[in-house]
Amino acid sequence: MSGMSVDELEILANSILAPGRQRRLHNLLRKNQVRTLPEQEEKELDEILEEVDRIALLKAKAMYTLSILKQKQG
C-alpha cells in the first residue's frame, strides 16, 4: 500500500462489491440454501466469494495503512 495517496487509500478502504455482483451473490447463496447448485453456479459462487475475500483484505490493508499515516501525522 506504500506509494498510494491518502485519497487512494480512502477510496480503497471504502470499496464494495459491485451492485450487480452483490445481487448475483445473494441469488446464488439463496439458491444454495434451497438445493445443491449445478457445477457452473457453484464455481461462480466460489469465484464471487473469493472476490469478496480479496476486497475485504484490500480494505483492511488500506485502513491499516491510513491509521499508520494518521499516527505519524498526529
Lys pairs in the chain with Cα under 29 Å (8 or more apart in sequence, or on separate chains) total 8
Would you work out which of I55, P19, V6 lies farthest towards the positive end of the dipole of region 6-66? Charges go on Cβ: Lys and Arg +1, Asp and Glu -1. P19
Phi angles of region 37-48, converted by Karplus (6.51 cos²θ - 1.76 cosθ + 1.60, θ = phi - 60°) into ³J(HN,Hα) in whole Hz with x for Gly and Pro, give 6, x, 3, 4, 6, 5, 5, 4, 4, 4, 5, 5
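Every number in this text was worked out from the coordinates using simple rules, so none of it is lab data. On a predicted model such as this, the values are computed, not experimentally measured, just so you know. Note that each Cβ is placed from the backbone with ideal geometry, even for glycine, and that neighbours are counted across all protein chains shown.
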